[in-house]
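Participant: Below is one structure. I have some questions about it.
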Amino acid sequence: MSYDPDNIFAKILRGEIPSFKLYEDDETYVFMDIMPRADGHCLVIPKTPCRNLLDASPAQLAAVMATTQRMSHAVMRAFGAEGVTIQQFNEDAGGQEVYHLHFHVLPRHAGVALRPPGTMADMDVLKAQAEKIVAAVG
Ligand code: 5GP
């Protein structure tokens, strides 16, 4: 399986389609998931190409995990969450839909289930939530 440079997240990285950016450093980029399963649901991706966990380099994984930890703290602060769920899917059989490595960061409150996948967010709400997270990123 090879990397497709025209996947949606590659286009987001190139600025060809918009995203609500939350954080970036030399190695990683973070933005709001457009179909959030929890308020504050965001995606952490490497800036360099790889399909998923299976072909990622140790350096890509290290960078993405460090940013995932940073964003976990940020979304918990921003939404007063008590916990965080990290999800990551690999290949079609593993539930992957976009073929650029990404980690889902989902702030959680006790007893509140994740919403079902596939419902598009209201863009004004997503923008306001993004601003809260940006303010909370250390
Ligand atoms: P996965 O590949 O991990 O199964 O899911 C891909 C994720 O990307 C989904 O949660 C979906 O809501 C999100 N997604 C798909 N297309 C876009 C997009 O164009 N922009 C953003 N921000 N998120 C997207």
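Participant: Applying 1/(1 + (r/R0)^6) with R0 = 30 Å to the Cβ-Cβ distance of residue 85 and residue 2, what FRET efficiency is obtained, to the nearest 0.05?
Facilitator: Working: r = 30 Å, r/R0 = 1.00.
It comes to 0.50.
Participant: Could you work out the local net charge near residue 81, counting Lys and Arg as +1, Asp and Glu as -1, over the other residues with Cβ closer than 13 Å to its Cβ?
Facilitator: On the way: positive: 77, 108, 132; negative: 39, 82.
Every neighbour counted, the sum reads +1.
Participant: To continue, here is another question. Could you tell me the ratio Rg/Rh of the chain? Both radii from Cα atoms, Rh via Kirkwood.
Facilitator: 0.94
Participant: Still on this structure, please answer the following. So what's the angle, to the nearest 10 degrees on a 0 to 90 scale, between helix 58-79 and the longest Cα principal axis of the chain?
Facilitator: So the inclination is approximately 20 degrees.
Participant: Could you give the semi-axes, largest first, of the ellipsoid that matches the range 19-93, computed as the square roots of 5 times the alpha carbon gyration tensor eigenvalues and rounded to whole Å?
Facilitator: Values for the range 19-93, descending: 21, 14, 12 Å.
Participant: If you don't mind, there's one more thing I want to ask. Specify the residue with the greatest mean-square fluctuation among 35, 65, 123, computed from a Gaussian network of the chain linking alpha-carbon atoms under 10 Å apart.
Facilitator: 123
Participant: Could you check how much of the accessible area of the range 8-137 is carbon and sulfur, as a whole percent, using a 1.4 Å probe?
Facilitator: Working: 3840 of 6620 Å².
Carbon-and-sulfur percentage of accessible area, whole number: 58.
Participant: I would also like to ask the following. Nearest 10 degrees is fine. How inclined is helix 123-136 to the longest principal axis of the chain, computing both from alpha carbons?
Facilitator: Between the helix axis and the principal axis of the chain, the angle is about 90 degrees.
Participant: Under 5 Å between amide H atoms, partner at least 5 residues away or on a different chain: which partners does residue 29 have, H built in plane at 1.01 Å?
Facilitator: Residues meeting the amide H criterion: 45, 47.
Participant: Accessible area per residue of the chain at 1.4 Å probe, in Å²?
Facilitator: Details: 7280 Å² over 138 residues.
In whole numbers, the chain has 53 Å² accessible per residue.
Participant: Only Cα pairs under 8 Å and at least 6 apart count here; give the relative contact order of the range 8-137 as a rounded whole percent. Please report the intermediate quantities before stating the final value.
Facilitator: Numbers: 223 pairs, mean separation 42.3, N = 130.
Reported relative contact order: 33 percent.
Participant: Along the positive direction of the dipole of the chain (beta-carbon charges: Lys, Arg +1; Asp, Glu -1; about the Cα centre), which of 96, 121, 18 reaches farthest?
Facilitator: Looking along the dipole axis, the top candidate is 121.
Participant: While we're here: Tell me what the chain gives for mean residue ellipticity at 222 nm when only DSSP H runs of n ≥ 4 count, each as -39,500 (n - 2.57), the sum divided by the residue total, rounded to 500 deg cm²/dmol. Don't skip to the end; give the middle numbers.
Facilitator: Numbers: 3 runs with 42 residues, N = 138.
-10000 deg cm²/dmol, from helical runs alone.
Participant: Identify the trypsin sites (Lys or Arg not before Pro) of the range 2-59 meeting these criteria: DSSP loop state and at most 10 other C-beta atoms within 10 Å of the C-beta.
Facilitator: Numbers: sites: 11, 14, 21, 37, 47, 51; in loops: 14, 37, 47, 51.
Hits after loop and neighbour filter: 14.
The values are calculated or read from the model by the stated rules, or taken from the named source; none is laboratory data. Not measured: the values here are computed from a predicted model. Ideal geometry is used to build each Cβ from the backbone, glycine not excepted, and the neighbour counts take in all protein chains shown. Heads up: the accessible areas ignore ligands, DNA and RNA and are worked out on the full protein's heavy atoms, side chains in. Shrake-Rupley method; radii C 1.70, N 1.55, O 1.52, S 1.80 Å.
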